[in-house]
Amino acid sequence: MLDNCCSANETALELGGVELAPVSTVASSALLHAVLYRAAEILHEKGLELPVYRSSNAGGDEHNTRLAQRYAGRIKHLD
């Protein structure tokens with residue numbers, strides 16, 4: 001279990017007595033990325049490959065295609 005440390009009402013702002021601007025989605029997303037990063041660190045520390053997609057904006061298409069081909073038999077939507 002991870003605590004996102006948000007308030008019970010999950011809002012960050014108040015306007016005219018109305019609480020708004022929920023923050024739990026942003027906080028939980030940050031927690032998820034921290035967990036994924038730690039998993040990648042562990043793989044890296046063990047000398048294992050990090051099979052992650054790279055941004056297409058940074059020329060990752062060829063790399064991503066190789067990953068999709070490699071894992072097509074294990075990940076249904078890649079077939």
Item to complete: Rank Thr25, Ser7, Tyr37 by how far each Cα sits towards the positive end of the charge dipole of the chain (+1 on Lys, Arg Cβ; -1 on Asp, Glu Cβ) and give me just the farthest.
Response: Tyr37
Practice prompt. Measure nothing fancy, just the Cα-based angle from helix 24-45's long axis to the longest principal axis of the chain, in degrees from 0 to 90, nearest 10.
Written response: 30 degrees
Worksheet item: Along region 59-73, what does the Karplus equation 6.51 cos²θ - 1.76 cosθ + 1.60 (θ = phi - 60°) give for ³J(HN,Hα), rounded to whole Hz, x for Gly and Pro?
Response: x, x, 4, 5, 4, 5, 5, 4, 5, 4, 5, 5, 9, 4, x
Worksheet entry | Rounded if a/c under 1.5, otherwise prolate or oblate - the chain, Cα gyration tensor axes | prolate
Worksheet entry | Within the chain: Cβ-based charge dipole about Cα centre, in debye rounded to nearest 20 (Lys, Arg +1; Asp, Glu -1) | 500 debye
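Applying 1/(1 + (r/R0)^6) with R0 = 30 Å to the Cβ-Cβ distance of Leu20 and Ser55, what FRET efficiency is obtained, to the nearest 0.05?
Working: r = 33 Å, r/R0 = 1.09.
Efficiency at R0 = 30 Å is approximately 0.35.
Here, each number is a calculation from the coordinates, and none is a lab measurement. What you see is a predicted model, and the numbers here were worked out from it, not measured in a lab. Reconstructed Cβ throughout: ideal geometry from the backbone, glycine too, with neighbour counts over all protein chains shown.
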